[in-house]
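No lab work stands behind these numbers, since they all come straight from the coordinates. Please read all numbers here as calculations on a predicted model, not as lab measurements. Positions of Cβ are generated from backbone atoms using ideal geometry, with glycine treated the same way; all protein chains shown enter the neighbour counts.
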Amino acid sequence: MPWLAVPYTDEARRSRLNRLYGIQGIPTLIVLDPQGEVITRQGRAEVLNDEDCTEFPWHPKPVLELSDSNAVQLNEGPCLVLFVDSEDDGESEAAKQLIQPIAEKIIAKYKAKEEEAPLLFFVAGEDDMTDSLRDYTNLPEAAPLLTILDMSARAKYVMDVEEITPAIVEAFVNDFLAEKLKPEPI
């Protein structure tokens, strides 16, 4: 490896780093800025999705398209997932644009308090991984389908409406954050 690395045999240092950065398993790639602040905990997924490293150092995007390489993030805490019918090429991008202002607002609010945002935001198209997620969480095949999935709490929140608007997304997120929504078991 051409970069600094902690030798695997240095268990004490590895243990301290695991606690400091909340590392749950290996391989893990956390990207830090020169001051030691975390840029992303998802370095591994970022490298897999950006093999040419054109977006390095991979500052987090407010809304991600759910993929095999970043699906592990669903286990890190509550995630808003907007399921769309990706047969239409523009639908996924339109869905991202719809929820991005809300995601940016939530992220900025918590960043101002020097806290991590309480939600991650995803758009999910139609593929095998998304089908598996729907099966695992027992979600209907409807599209669009607005959900908040909290895998660690084994809970889901579902808003099945014919049309998803920014106002609907914002109200859903605010109700979730205010603990006004009733969870369903996963």
Worksheet, complete the sentence: To the nearest 0.05, the calculated FRET efficiency linking E11 and F56 through their beta-carbon distance, R0 being 35 Å, is 0.70
Worksheet entry | Burial order of peptide ranges 74-80, 158-164 (average beta-carbon count within 10 Å, highest first) | 74-80, 158-164
Fill in: Residue order, fewest to most beta carbons within 10 Å, for K180, K109
K180, K109
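Full-extension gain between V38 and E93, please, as 0.36 nm times their residue separation minus the C-alpha to C-alpha distance. If you can, show how the numbers build up before the last one.
Working: separation 55, 0.36 × 55 = 19.80 nm, distance 2.75 nm.
That works out to 17.0 nm of additional length.
Work out, step by step, the length gained on full extension between K113 and A178: first 0.36 nm times the residue separation, then minus their alpha carbon distance; give nm to one decimal. The partial results should precede the final answer.
On the way: separation 65, 0.36 × 65 = 23.40 nm, distance 1.71 nm.
Extra length available between K113 and A178 comes to 21.7 nm.
Looking at the square roots a ≥ b ≥ c of the eigenvalues of the Cα gyration tensor of segment 67-153, which shape do they give, rounded for a/c under 1.5, prolate if a/b is larger than b/c, or oblate? Write out the running numbers ahead of the final one.
On the way: a/c = 2.28, a/b = 1.38, b/c = 1.65.
Cα axes put segment 67-153 in the oblate bin.
Based on Cβ point charges of +1 for Lys and Arg and -1 for Asp and Glu, what charge dipole magnitude is obtained for the chain about its Cα centre, in debye rounded to the nearest 20? Don't skip to the end; give the middle numbers.
Working: 17 positive and 36 negative charges, 284 e Å.
Dipole about the Cα centre, nearest 20: 1360 debye.
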Discussion item. If I stretch the segment between V72 and E141 completely, what's the gain in nm (0.36 nm per residue apart, minus their alpha carbon distance), one decimal?
Written reply: 22.7 nm
Worksheet, complete the sentence: Rounded to the nearest 10, the angle in degrees between the Cα long axis of helix 89-112 and the longest principal axis of the Cα atoms of the chain comes to 60 degrees
